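What follows is calculated from the coordinates using simple rules that are stated; it is not laboratory data. Since this is a predicted model, take the numbers as computed values, not measurements. Using ideal geometry, Cβ is built from the backbone for each residue, glycine included, and neighbour counts are taken over all protein chains shown.
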Amino acid sequence: MPNSNSFAVYLIAIGAFSLGMASYVTAGLIPMIEASFSVSVAVAGQLVTAFTLACGLGSPVIVAAMPANGQRVGLLMALALFVLANIGSAATGDFTTLMVWRAVAGIGAGVYLATGIAAATALSRPERRGKVIAVIMGGMASGVVLGVPIGLLLAEHLGWQAALWLVAILGFVALIGLMLKLPQLPAVAASSMTRRLAVLADGYVVAVLMVSFLAAVASLGMYTFIASLLTHPNYGAVGSVTPYLWVWGLGGVLGSFLSGPLVDRLNAPAITLVIMLALSASLLLLPLAAATSAWLVMLPIAVWGAVGWALQVPQKNELLLARDKQGDGNLAVALNESALYLGSAIGAAAGGVLLFLQMPIWTLAAAAGAIAALGALLQVAILRRSRTPDEPRFPKPIR
């Protein structure tokens, strides 16, 4: 990968850093926003829902409608929309308007991530595809680990708007850099909207998306309730969950960056299977480790964070490979983001139902581990049916 192209990839990663920060910082701002607009916690929490649903449901539609020769423009416009929406969010004094801006930010984030990964892989050699995806996903994970605490610290001293201003500034820096350094991207094959949506008729792609969905239900769903588990008297009764969230996030950064070279050298579906098994084991061991020691529980949390974030490197690489000839790999990646956000929402909702039914708190981790195990079983089927050197993938995609 030439140096100029490498620099462009890192600029895309800076934009992903701001996306990661925006995706997670809002949850920490809820109490401040609640007080600022005099709304309930339940209402303020819908800001997160607006962002995630718009990202998960709106971005695939826009990516599908993107012109074949408009990949560079689409990437820049998506990032510009994300920056503008965060500026609007920070500047508004009306809660309804804030909700709208968060939805717009979600659309920009989803489109940017899908087109950014496609652009980065187009700028690199095929044998380095996994590494560049890892750079971008590592940038996003770093936004969670580093950006969120910094944003919350600024918010405590300067108001909740300061965190969103920081997101906008970081996104703007990436935007200016990409406008100057991002080369023209190769056009994808022109096709009708019907043909583009035929990606959903590709059974292999749908199976890969389902694994991502199950992983998100298990991993991100359990993440919603990690504080409930660790503060429970029977599972550590910790005074602050912040150190454990740092361990989870740092594991995610390491997992994202380390998985790239592995994907470039080994079979990606096999790596996904190992990751799903490790995810299942770490979630199942979570309550047992927490009940044993507040220090011991950091081990399954670190593994959980590492494999949870690492998973998306082989998954995105596999989707791009599966749809390479059809030229709609960016749409497949956008659908993968939809699967993740939808899985996260369903996982959180399912966990809430279990708690509402007054099930023991350990059942959340047990259910999450079982769902991850189900994803591993599906991945075994994918691995058996994945492409061999002389054999196409199954079933044959509609062209």
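Observations, loosely collected:
- Between Gly352, Ser293, Ala372, the Cα set farthest toward the positive side of the dipole of the chain (charges on each charged residue's Cβ, about the Cα centre) is that of Ala372.
- Computed lengthening from Leu354 to Asp324, 0.36 nm per intervening residue step minus Cα-Cα distance: 6.7 nm
- Largest-first principal axis extents of the Cα set of the chain (Å): 56, 49, 37
- Between Leu153 and Asn234, the contour length at 0.36 nm per residue exceeds the Cα-Cα span by 26.1 nm.
- Normalising the average separation of contacting C-alpha pairs (under 8 angstrom, six or more residues apart) by the number of residues puts the relative contact order of region 1-188 at 42 percent.
- Range of Cα positions in region 192-388 per principal axis (Å), largest first: 56, 36, 27
- Counting only DSSP H runs of at least 4 residues, each contributing -39500 (n - 2.57), and dividing by the residue count of the chain, the helix-based mean residue ellipticity at 222 nm comes to -25500 deg cm²/dmol.
- Positive-pole candidate from Ala201, Ala105, Leu254, dipole of the chain, charges at beta carbon: Ala201
- Computed from point charges on the beta carbon alone (+1 for Lys and Arg, -1 for Asp and Glu), the dipole magnitude for the chain about its Cα centre is near 1040 Debye.
- The rule of thumb for compact globular proteins, 2.2 N^0.38 Å, goes into the C-alpha radius of gyration of region 86-139 1.58 times.
- Sorted by Cβ neighbour density within 10 Å, fewest at the top, the residues Val25, Val73: Val73, Val25
- Semi-axis lengths, largest first, of the ellipsoid equivalent to region 79-185 are 28, 16, 12 Å, with √(5λ) applied to each eigenvalue of the Cα gyration tensor.
- Working note: Debye formula, equal point scatterers on the alpha-carbon atoms of region 259-348, no solvent; log10 I(q)/I(0) at q = 0.20 Å⁻¹ is -1.00.
- Contour minus Cα-Cα distance for Trp246 and Ala201 (0.36 nm per residue): 12.2 nm
- Neighbour-count ranking [beta-carbon atoms within 10 angstrom, fewest first] of Ser212, Ser124, Ser6: Ser6, Ser124, Ser212
- For region 56-95: rounded, prolate or oblate by the Cα gyration tensor [a/c cutoff 1.5]: oblate
- Here the translational diffusion coefficient of region 1-188 follows from Stokes-Einstein with Rh set to the Kirkwood radius across Cα pairs; for 37 °C and 0.692 mPa s it amounts to 199 µm²/s.
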